[in-house]
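Read the structure below first, then the notes.
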Amino acid sequence: MKNRKNKEKAIELLKRYKLLKVRSRILREKLIALENLITSARGVTCSVTPNRGGSSKYEDKLVDYITRKDFYKLKLATYAEEIAGIESAIAELSEQEKTTLQVFFLDDNAQDRVGTLSEILGFERSHIYRIRERALSNLANIYYARYA
């Protein structure tokens, strides 16, 4: 029972890892776009007094861009920390286990995952599944021992 729970936790962890990598890439792209908007903004002039005591639309947009940029940077740092933790746990696995998890869960282009691993590692298909189970269990144990 515990082993199955560890396996499920590890699979969810690997899914989260992939998601965080995608989100990080998207956030970096958004940060670049915001930076371009901020740096290309024309200077604020003081020649016009706001009608109702507030700021101009332009100033409001600029403040919004800067606020969003700071929020994105904070999110990106949070993602990077979580990604580093997962990568650190994966790094402690054996090469066979790392390769197995990479092909099974992180490689989007793999077709016959077990066949591919059989060729790479030189084991029969049944042994590949045992390596996969051991890798998932070890990953969950390593990661959650540190971060749970």
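The values are calculated or read from the model by the stated rules, or taken from the named source; none is laboratory data. Computed from a prediction, not measured in an experiment: that's the story for all the values here. Glycine gets a Cβ as well: all are built from the backbone with ideal geometry, and neighbour counts include every protein chain shown.
Selection of segment 1-53 for residues being β-branched (V, I, T) and either modelled with pLDDT of 80 or more or surrounded by fewer than 10 Cβ atoms within 10 Å (Cβ to Cβ) (or both) yields I11, V22, I26, I32, I38, T39, T45, V48, T49.
Within segment 84-98, if we keep just the residues that are part of a helix (DSSP H, G or I) and not aliphatic (A, V, I, L, M), the residue that is surrounded by the fewest Cβ atoms within 10 Å (Cβ to Cβ) turns out to be E95. Only one of the numbered conditions (1) more than 17 Å from the chain's Cα centre (by Cα); (2) crowded, with 16+ Cβ neighbours inside 10 Å is not met by D60, and that is (2).
Within segment 95-124, the set of residues being closer than 24 Å to A148 by Cβ and either touching a residue at least 60 places away in the same chain (Cβ under 8 Å) or of a type in the set (D, E, K, R) (or both) comprises E97, K98, L101, F105, L106. In segment 126-148, the residues that are buried (at least 17 other Cβ atoms within 10 Å of the Cβ) reach residues that are not in a helix (DSSP H, G or I) with C-beta atoms within less than 7 angstrom, at least six apart or across chains, in these pairs: A135/L93; N138/L93; L139/L93; I142/E92.
Cβ-Cβ distances below 6 Å connect the following pairs, each with a first residue in segment 75-94 that is closer than 20 Å to K9 by Cβ and modelled with pLDDT of 95 or more, a second residue that is hydroxyl-bearing (S, T, Y) and buried (at least 16 other Cβ atoms within 10 Å of the Cβ), and a separation of six or more residues or different chains: Y79/S24; I86/Y17; A89/Y143. Annotation: S118 fulfils all but one of (1) at pLDDT 90 or above; (2) more than 24 Å from Y143 (Cα to Cα); (3) surrounded by fewer than 16 Cβ atoms within 10 Å (Cβ to Cβ); the unmet one is (3).
Number of residues in segment 99-132 that are of a type in the set (K, R) and part of a loop (DSSP other than H, G, I, E, B) equals 0.
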